[in-house]
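To keep things clear, I will list the structure first and then write my remarks on it.
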Amino acid sequence: MKPYAFGFIGAGKLAGSVIRGLLLKKFCQPSAIVASEPNTETRTLLQNEFGISFTTANTEVAEKAEIVFLGVKPQMVLPVLRELGGALANKLVVSFAAGIRIAQMESVTPARIMRVLTNTPSAIGRAASAVAGGSRATDQDREKIQAIFSAIGLAVQVDDDQMDAVTALAGSGPAFVYAMIEALARGGEKMGLRKESALRLAAQTALGASDLMITSEKSPADLIKMVVTPGGTTAAGLRVMEERAVADAIADAVEAATNRSQEMAKENL
């Protein structure tokens with residue numbers, strides 16, 4: 001039996017959110033996790049908060065964990081895999097990095113490779129994740145990773161060549177949503193609400209609208225119809241959004257983020 005079920009090489013913002021989500025949802029105990037992380041503040045925070053084990057050696061994580069998660073920056077993924085060499089033989093390695101293809105990783109390591117594109121709401125069990133498996137990944141590997149990320153939110157299976165779009169939609173998406181919440185709150189503040197009240201109302205509105213769509217399984221168009229009264233307040237607001245092409249701008253933001261992910265993949269060839 002391996003001493004650790006999960007090893008994290010890098011435990012920063014995204015990987016740290018996954019760790020928090022797994023422990024919050026009691027998917028595993030802190031004793032099941034070992035991580036290597038160069039940032040002292042990040043290490044101290046996670047140790048004090050959860051009591052997980054840390055090491056300064058990436059090789060120790062590779063050797064002692066059953067599943068190794070790569071939470072390093074995209075430009076460091078291939079160098080780290082090369083550094084670990086044979087320590088990853090017969091191991092399942094899961095990369096969180098945008099723009100680094102499975103084929104690129106498989107070319108420098110003997111490990112079984114999978115990719116998961118997730119986001120920071122994983123910290124509260126509300127992640128949106130996409131899972132892709134490499135040529136060496138087994139059905140059991142896919143089932144394990146699907147189970148892990150289903151425990152901390154929604155997880156869907158995609159092909160590796162779809163990951164750039166997932167990076168933009170789910171990975172960058174929270175920032176786009178925060179920008180929309182901030183804009184809603186700014187409108188409320190402009191109309192006389194206190195800043196704190198406007199921000200809380202805007203955030204709760206976004207949360208409630210999302211939950212209603214997920215639980216009702218209705219389309220956005222159907223739900224909009226439920227709110228709009230002809231000639232009413234919502235119709236007046238939507239008309240301005242249409243005039244300003246807000247929907248097009250948001251779709252273009254996803255396209256721009258996708259294009260950047262594709263550029264990153266070329267930069268790391």
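Would you tell me the accessible area of residue 24, worked out with a 1.4 angstrom probe on the heavy atoms of the protein chains, in Å² to the nearest 10?
For residue 24, solvent-accessible area is about 100 Å².
Rounded to two decimals, what ratio of Rg to Rh does the chain give with C-alpha atoms and a Kirkwood Rh?
1.03
Taking a cut-off of 16 Å, what percent of all Cα-Cα pairs in the range 115-197 are separated by more than that?
59
Might you tell me the accessible area per residue for the chain, computed with a 1.4 Å probe and given in Å²?
Accessible area per residue, the chain: 55 Å².
Quote to one decimal, in nm, the extra length available between residue 186 and residue 207 on full extension: 0.36 nm per residue of separation minus the C-alpha distance between them.
Difference between extended and current length: 5.8 nm.
Sum -39500 (n - 2.57) across every DSSP H segment of at least 4 residues in the chain, then divide by the residue count to get the 222 nm mean residue ellipticity, nearest 500.
For the chain, the value works out to -16500 deg cm²/dmol.
Determine the distance separating the Cα centre of the range 40-54 from the Cα centre of the range 193-260; give it in Å without decimals.
Going from one Cα centre to the other spans 38 Å.
Take every Cα pair under 8 Å in the range 132-269 that's 6+ residues apart, average their separations, divide by the length, and report that relative contact order as a whole percent.
For the range 132-269, the relative contact order is 30 percent.
Full extension from residue 242 to residue 57: what is 0.36 nm times the residue separation minus their Cα-Cα distance, to one decimal in nm?
Result: 61.2 nm gained on full extension.
Within the chain, what percent of beta bridges assigned by DSSP are antiparallel, to the nearest 5?
Rounded to the nearest five, the antiparallel share is 15 percent.
How many percent of the accessible area of the chain is carbon or sulfur, using a 1.4 Å probe?
Answer for the chain is 56 percent, counting heavy atoms of protein chains only.
The values are calculated or read from the model by the stated rules, or taken from the named source; none is laboratory data. Since we're looking at a predicted model, the values are computed, not measured. Areas reflect the complete protein model, heavy atoms only, side chains present, ligands, DNA and RNA absent. Shrake-Rupley method; radii C 1.70, N 1.55, O 1.52, S 1.80 Å.
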